[in-house]
1. Please verify whether T13 is touching a residue at least 24 places away in the same chain (Cβ under 8 Å) and assigned to a strand (DSSP E or B), treating the condition exactly as stated.
2. Report yes if G18 is in a loop (DSSP other than H, G, I, E, B), more than 9 Å from the chain's Cα centre (by Cα) and modelled with pLDDT under 95, otherwise no.
3. Output the number of the condition that L23 fails; it satisfies all remaining conditions of (1) in contact with a Lys or Arg (Cβ under 8 Å, 6 or more places away or on another chain); (2) surrounded by fewer than 13 Cβ atoms within 10 Å (Cβ to Cβ).
4. Name the strands (runs of 3 or more DSSP E) wholly within the stretch 33-103 that hold at least 2 residues that are touching a His at 6+ places or on another chain (Cβ under 9 Å)?
5. Given the condition among the acidic types (D, E) and in contact with a helix residue (DSSP H, G or I) (Cβ under 6 Å, 6 or more places away or on another chain), answer yes or no: does some residue in the stretch 66-88 qualify?
6. Test D39 against the criterion of being more than 10 Å from the chain's Cα centre (by Cα), modelled with pLDDT under 95 and under 30 Å from G73 (Cα atoms), and give yes or no.
7. Can you tell me which residue within the stretch 55-103, out of those that are more than 24 Å from T3 (Cα to Cα) and free of Cβ contacts under 8 Å to residues at least 24 places away in the same chain, is surrounded by the fewest Cβ atoms within 10 Å (Cβ to Cβ)?
Amino acid sequence: MHTDGGDPGGRVTFQPDGDVVNLCDIEADGWAVYLKVTDLTAGKEKYHYTIGGVGRCQTFRASLGGPYDLAEGHVIRFTICLDKDGRDPAYCDTSDWANANWN
């Protein structure tokens with residue numbers, strides 16, 4: 001999923017096996033990329049993160065423990081935005097993905 005706008009500057013991917021979330025700034029536009037991860041099933045924000053600088057990425061995974069270990073079978077909301085000043089995210093996109101990787 002990418003930030004909204006005609007020229008998206010941020011990308012997030014999610015792999016349920018291992019709860020791998022990869023957040024990247026993909027545009028030299030002076031904006032940072034902001035991500036908020038919310039467990040909709042539990043009704044709880046899990047974590048948020050901001051990264052800036054074209055080509056910079058951050059990966060989170062269940063093996064880091066704590067908020068990065070997302071509950072199996074839960075619906076997880078990912079909100080990705082661009083952020084210029086640390087206060088007012090813009091060009092946001094939101095998607096709800098099922099963390100469904102159990103056998």
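The values are calculated or read from the model by the stated rules, or taken from the named source; none is laboratory data. All of these numbers come straight from a predicted model, not from anything done at the bench. Cβ atoms come from the backbone with ideal geometry, glycine included; neighbour counts cover every protein chain shown.
1. No, not satisfied.
2. no
3. Tallying (1) in contact with a Lys or Arg (Cβ under 8 Å, 6 or more places away or on another chain); (2) surrounded by fewer than 13 Cβ atoms within 10 Å (Cβ to Cβ), L23 fails exactly one: (2).
4. By residue number, 75-83, 90-98.
5. yes
6. no
7. Residue satisfying both the conditions and the ranking: N103.
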